[in-house]
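The values are calculated or read from the model by the stated rules, or taken from the named source; none is laboratory data. Please read all numbers here as calculations on a predicted model, not as lab measurements. Positions of Cβ are generated from backbone atoms using ideal geometry, with glycine treated the same way; all protein chains shown enter the neighbour counts.
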Amino acid sequence: MASTSLRQQLSIMKQSFFDEGLLDHEQVSYLETLENEDDPDFIENVFTLFLRDSSRYINSIEKALETNPIDYPVMERMMYRLKGSSASIGASKINGETNTLRKAFHDGDMER
């Protein structure tokens, strides 16, 4: 009984991620098709790697901004990686914010 209730709550939470645009339903559905009996933890592993790597990318971007002069090549590389990894898991909002940051960077809207 409690297990059914938890499954329902999880399903509602997952749907809210899609409804709020945090995750792209199509991309997550695709990732779910890749999970099988040979790799039953595929999605968990993909999201764990994303969280680990995105934290590292953001940290590198922050450090690049603190250097004098700003380390633009590192910023560009880390923004590109963050954009790619967020797109690959369907993290729509992160991908959108990264695109906005990259556009500001390329348009020269960032302090130099």
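Every test in (1) more than 25 Å from F18 (Cα to Cα); (2) touching a residue at least 24 places away in the same chain (Cβ under 8 Å); (3) under 20 Å from the mean Cα position of the chain (by Cα) is passed by L82 save one, and that test is (1). Listed by first and then second residue, the pairs with beta-carbon distance under 8 Å, at least 6 apart or on different chains, first residue in region 57-74 and more than 18 Å from A104 (Cβ to Cβ), second assigned to a helix (DSSP H, G or I) and not polar (S, T, N, Q), are K63/V74.
When I70 is tested against (1) part of a helix (DSSP H, G or I); (2) aliphatic (A, V, I, L, M); (3) within 17 Å of R102 (Cα to Cα), just one condition goes unmet, and that condition is (1).
When the residues of region 85-112 are filtered to those that are of a type outside the set (D, E) and part of a loop (DSSP other than H, G, I, E, B), the one that is farthest from G21 (Cα to Cα) is R112. If you go through region 1-46 and keep only what is touching a helix residue (DSSP H, G or I) at 6+ places or on another chain (Cβ under 9 Å) and farther than 22 Å from A91 by Cβ, you end up with just N36. Taken over region 2-22, residues that are hydrophobic (A, V, I, L, M, F, W, C) and modelled with pLDDT under 85 amount to 3. Total residues in region 49-64 satisfying the condition of being of a type in the set (A, V, I, L, M, F, W, C) and either loosely packed, with under 15 Cβ neighbours inside 10 Å or under 23 Å from D19 (Cα atoms) (or both): the figure is 3. Close contacts from region 26-52, counting a first residue that is in a helix (DSSP H, G or I) and a second that is surrounded by fewer than 10 Cβ atoms within 10 Å (Cβ to Cβ), with Cβ to Cβ under 8 Å and a gap of 6+ residues or different chains, come to F42/N36.
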